[in-house]
1. Hey, which of these cross-link pairs are over 18 Å Cα-Cα: K27/K53; K124/K152; K124/K159; K124/K163?
2. Whole Å is fine, so just give me how far the alpha carbon centre of segment 97-133 lies from that of segment 23-49.
3. Can you give the FRET efficiency to the nearest 0.05 for R123 and H168, using r as the Cβ-Cβ distance and R₀ = 30 Å?
4. Report the relative contact order of segment 51-189, percent, no decimals, based on alpha-carbon pairs under 8 angstrom and at least 6 residues apart.
5. For a label point 7 Å from the Cα of N180 along Cα→C-beta, name the residues of segment 139-154 whose backbone N is under 20 Å from it.
6. Over segment 13-116, with every protein chain in place, what whole percent of the accessible area is carbon and sulfur at 1.4 Å, could you tell me?
7. What do you get for the angle between helix 21-38 and the principal long axis of the chain? Use alpha-carbon atoms, 0 to 90 degrees, nearest ten.
8. I'd like the projected area of segment 72-134, averaged over all directions, using the convex hull of its alpha carbons. Report it in nm² with one decimal.
Amino acid sequence: MEQEITLIMPVEAIQPDSADYDEWEHKIQEYRREFLENGDTINGSRGLHHYEKIAGWLEQIKACEKDNNSYIGVPVTTFLAIRRDSPDDWTIVGNIEIRHHLNPALEELGGHIGYSVRPSQRRKGYAVSMLRQVLCYARTLGLKKVMLDCDKSNTGSLKIIQKCGGVHSKDILSEYQGRNIVNSQFWISLP
(Lines give C-alpha, C1' and ligand atoms only; values in the text may rest on other atoms or scores of the structure.)
Protein backbone atom coordinates (compact mmCIF):
# COMPACT_ATOMS: atom_id res chain seq x y z
CA MET A 1 0.00 0.00 0.00
CA GLU A 2 1.26 3.45 -0.94
CA GLN A 3 2.30 5.83 1.78
CA GLU A 4 0.38 9.06 2.17
CA ILE A 5 1.90 12.34 1.04
CA THR A 6 1.43 15.85 2.32
CA LEU A 7 1.69 19.00 0.23
CA ILE A 8 3.57 21.84 1.88
CA MET A 9 4.25 25.38 0.71
CA PRO A 10 8.01 25.89 0.83
CA VAL A 11 7.69 29.64 1.52
CA GLU A 12 5.71 28.86 4.67
CA ALA A 13 7.61 25.76 5.84
CA ILE A 14 11.21 26.84 5.20
CA GLN A 15 12.55 29.75 7.22
CA PRO A 16 16.19 30.85 6.81
CA ASP A 17 16.72 31.21 10.56
CA SER A 18 15.08 27.91 11.53
CA ALA A 19 16.94 24.95 12.99
CA ASP A 20 15.86 22.70 10.09
CA TYR A 21 16.95 25.03 7.26
CA ASP A 22 20.10 23.02 6.49
CA GLU A 23 18.05 19.81 6.35
CA TRP A 24 15.66 21.46 3.87
CA GLU A 25 18.63 22.67 1.82
CA HIS A 26 20.05 19.14 1.71
CA LYS A 27 16.74 17.43 0.87
CA ILE A 28 15.81 19.91 -1.87
CA GLN A 29 19.26 19.79 -3.46
CA GLU A 30 19.18 15.98 -3.36
CA TYR A 31 15.76 16.11 -5.06
CA ARG A 32 17.03 18.60 -7.67
CA ARG A 33 20.18 16.56 -8.35
CA GLU A 34 18.16 13.42 -9.11
CA PHE A 35 16.30 15.24 -11.90
CA LEU A 36 19.46 16.76 -13.32
CA GLU A 37 21.32 13.43 -13.29
CA ASN A 38 18.32 11.85 -15.04
CA GLY A 39 18.29 14.60 -17.69
CA ASP A 40 14.79 15.72 -16.66
CA THR A 41 13.24 19.14 -16.26
CA ILE A 42 11.50 19.81 -12.95
CA ASN A 43 8.14 20.98 -14.32
CA GLY A 44 5.95 22.94 -11.92
CA SER A 45 8.83 23.92 -9.65
CA ARG A 46 9.30 27.61 -10.52
CA GLY A 47 12.73 26.84 -11.96
CA LEU A 48 14.30 24.82 -9.13
CA HIS A 49 16.79 23.31 -11.59
CA HIS A 50 18.41 26.78 -11.94
CA TYR A 51 19.23 27.20 -8.23
CA GLU A 52 22.36 25.89 -6.54
CA LYS A 53 21.04 27.15 -3.18
CA ILE A 54 17.42 27.20 -2.07
CA ALA A 55 17.42 30.82 -0.88
CA GLY A 56 17.17 32.14 -4.46
CA TRP A 57 14.52 29.57 -5.32
CA LEU A 58 12.42 30.56 -2.29
CA GLU A 59 12.64 34.21 -3.37
CA GLN A 60 11.48 33.18 -6.87
CA ILE A 61 8.49 31.35 -5.40
CA LYS A 62 7.59 34.37 -3.23
CA ALA A 63 7.86 36.72 -6.21
CA CYS A 64 5.61 34.46 -8.30
CA GLU A 65 2.86 34.50 -5.66
CA LYS A 66 2.11 38.10 -6.66
CA ASP A 67 -0.23 39.06 -9.49
CA ASN A 68 1.48 40.46 -12.59
CA ASN A 69 4.87 39.10 -11.52
CA SER A 70 7.61 39.45 -14.11
CA TYR A 71 8.25 35.71 -14.42
CA ILE A 72 4.89 34.26 -15.45
CA GLY A 73 2.44 37.17 -15.11
CA VAL A 74 -0.14 35.39 -12.94
CA PRO A 75 -0.06 34.39 -9.26
CA VAL A 76 1.39 30.93 -8.68
CA THR A 77 1.32 28.75 -5.56
CA THR A 78 4.06 26.12 -5.38
CA PHE A 79 4.01 22.98 -3.25
CA LEU A 80 6.43 20.18 -2.39
CA ALA A 81 5.00 16.68 -1.90
CA ILE A 82 6.46 15.09 1.22
CA ARG A 83 6.32 11.43 2.22
CA ARG A 84 7.04 10.67 5.86
CA ASP A 85 9.34 7.61 5.91
CA SER A 86 9.59 7.46 9.70
CA PRO A 87 8.96 9.90 12.56
CA ASP A 88 12.45 11.33 12.00
CA ASP A 89 12.88 10.97 8.23
CA TRP A 90 11.05 12.21 5.16
CA THR A 91 11.46 12.34 1.39
CA ILE A 92 10.44 14.89 -1.22
CA VAL A 93 8.60 12.79 -3.82
CA GLY A 94 7.37 15.58 -6.08
CA ASN A 95 6.33 19.15 -6.60
CA ILE A 96 3.25 20.78 -8.04
CA GLU A 97 2.14 24.33 -8.70
CA ILE A 98 -1.13 26.01 -9.52
CA ARG A 99 -1.41 29.16 -11.60
CA HIS A 100 -4.39 31.06 -10.25
CA HIS A 101 -5.66 32.08 -13.68
CA LEU A 102 -4.63 31.77 -17.30
CA ASN A 103 -3.03 34.34 -19.56
CA PRO A 104 -2.69 33.85 -23.35
CA ALA A 105 0.69 32.10 -23.00
CA LEU A 106 -0.64 29.62 -20.41
CA GLU A 107 -3.75 29.01 -22.52
CA GLU A 108 -1.43 27.72 -25.25
CA LEU A 109 1.14 25.90 -23.13
CA GLY A 110 1.21 25.26 -19.40
CA GLY A 111 -2.37 25.58 -18.21
CA HIS A 112 -3.29 26.01 -14.56
CA ILE A 113 -1.22 23.17 -13.10
CA GLY A 114 2.28 21.80 -13.62
CA TYR A 115 3.95 19.01 -11.68
CA SER A 116 6.86 16.60 -11.50
CA VAL A 117 7.54 13.41 -9.60
CA ARG A 118 11.05 12.46 -8.58
CA PRO A 119 12.44 9.92 -11.09
CA SER A 120 12.96 7.21 -8.44
CA GLN A 121 9.42 7.68 -7.11
CA ARG A 122 7.43 7.47 -10.36
CA ARG A 123 4.67 4.94 -11.02
CA LYS A 124 3.70 4.82 -7.35
CA GLY A 125 0.55 6.96 -7.49
CA TYR A 126 2.11 10.15 -6.13
CA ALA A 127 1.19 12.34 -9.13
CA VAL A 128 -2.49 11.38 -8.85
CA SER A 129 -2.45 12.16 -5.12
CA MET A 130 -0.67 15.48 -5.69
CA LEU A 131 -3.07 16.50 -8.45
CA ARG A 132 -6.15 15.58 -6.41
CA GLN A 133 -4.89 17.63 -3.46
CA VAL A 134 -4.17 20.64 -5.68
CA LEU A 135 -7.61 20.37 -7.27
CA CYS A 136 -9.05 20.80 -3.76
CA TYR A 137 -6.84 23.86 -3.31
CA ALA A 138 -8.02 25.21 -6.70
CA ARG A 139 -11.59 25.21 -5.39
CA THR A 140 -10.50 27.47 -2.52
CA LEU A 141 -9.25 29.93 -5.16
CA GLY A 142 -12.74 30.02 -6.64
CA LEU A 143 -11.83 28.12 -9.80
CA LYS A 144 -14.67 26.15 -11.39
CA LYS A 145 -12.45 24.28 -13.86
CA VAL A 146 -8.74 24.00 -14.59
CA MET A 147 -6.75 23.34 -17.74
CA LEU A 148 -3.81 20.94 -17.79
CA ASP A 149 -1.68 19.93 -20.72
CA CYS A 150 1.15 17.62 -21.62
CA ASP A 151 3.11 16.34 -24.57
CA LYS A 152 0.80 13.92 -26.37
CA SER A 153 3.59 11.31 -26.29
CA ASN A 154 3.75 11.46 -22.46
CA THR A 155 1.40 8.56 -21.77
CA GLY A 156 2.07 8.68 -18.02
CA SER A 157 0.84 12.28 -17.69
CA LEU A 158 -2.08 11.62 -20.05
CA LYS A 159 -3.26 8.78 -17.78
CA ILE A 160 -2.81 10.85 -14.60
CA ILE A 161 -4.82 13.77 -15.98
CA GLN A 162 -7.60 11.47 -17.21
CA LYS A 163 -7.68 9.56 -13.91
CA CYS A 164 -8.30 12.86 -12.14
CA GLY A 165 -11.24 13.75 -14.41
CA GLY A 166 -9.49 15.43 -17.32
CA VAL A 167 -11.56 15.71 -20.48
CA HIS A 168 -9.58 16.12 -23.70
CA SER A 169 -10.18 19.51 -25.30
CA LYS A 170 -7.73 19.73 -28.20
CA ASP A 171 -4.26 19.04 -29.48
CA ILE A 172 -2.10 21.92 -30.68
CA LEU A 173 1.39 22.14 -32.09
CA SER A 174 3.57 24.02 -29.57
CA GLU A 175 7.23 24.77 -29.07
CA TYR A 176 8.60 23.37 -25.82
CA GLN A 177 12.26 23.50 -24.83
CA GLY A 178 13.34 24.24 -28.38
CA ARG A 179 11.37 21.48 -30.10
CA ASN A 180 7.90 21.17 -31.57
CA ILE A 181 5.48 18.94 -29.70
CA VAL A 182 1.84 17.98 -30.05
CA ASN A 183 0.41 19.41 -26.86
CA SER A 184 -2.76 17.74 -25.55
CA GLN A 185 -5.02 20.00 -23.51
CA PHE A 186 -7.54 18.79 -20.92
CA TRP A 187 -10.09 20.46 -18.67
CA ILE A 188 -11.06 19.23 -15.22
CA SER A 189 -14.34 20.51 -13.76
CA LEU A 190 -14.31 21.35 -10.05
CA PRO A 191 -17.82 20.69 -8.69
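The values are calculated or read from the model by the stated rules, or taken from the named source; none is laboratory data. Quick caveat, the model's predicted, so the values are computed rather than measured. Here Cβ is always computed from backbone atoms with ideal geometry, including for glycine, and neighbour counts include all displayed protein chains. Just so you know, the surface numbers come from the protein's heavy atoms only, side chains and all, with ligands and any DNA or RNA stripped out. Shrake-Rupley method; radii C 1.70, N 1.55, O 1.52, S 1.80 Å.
1. Working: K27/K53 11 Å; K124/K152 21 Å; K124/K159 13 Å; K124/K163 14 Å.
Pairs exceeding 18 Å: K124/K152.
2. Taking the Cα centre of segment 23-49 as reference, the centre of segment 97-133 is 15 Å away.
3. Values: r = 22 Å, r/R0 = 0.75.
E(calc), rounded to 0.05, equals 0.85.
4. Numbers: 220 pairs, mean separation 22.3, N = 139.
Relative CO of segment 51-189 lands at 16 percent.
5. Residues 150-154 qualify, since their backbone N sits under 20 Å from the label point.
6. Numbers: 2310 of 4860 Å².
In segment 13-116, the share of accessible area belonging to carbon and sulfur is 48 percent.
7. 50
8. Working: hull surface 20.2 nm².
Across all orientations, segment 72-134 yields a mean hull projection of 5.1 nm².
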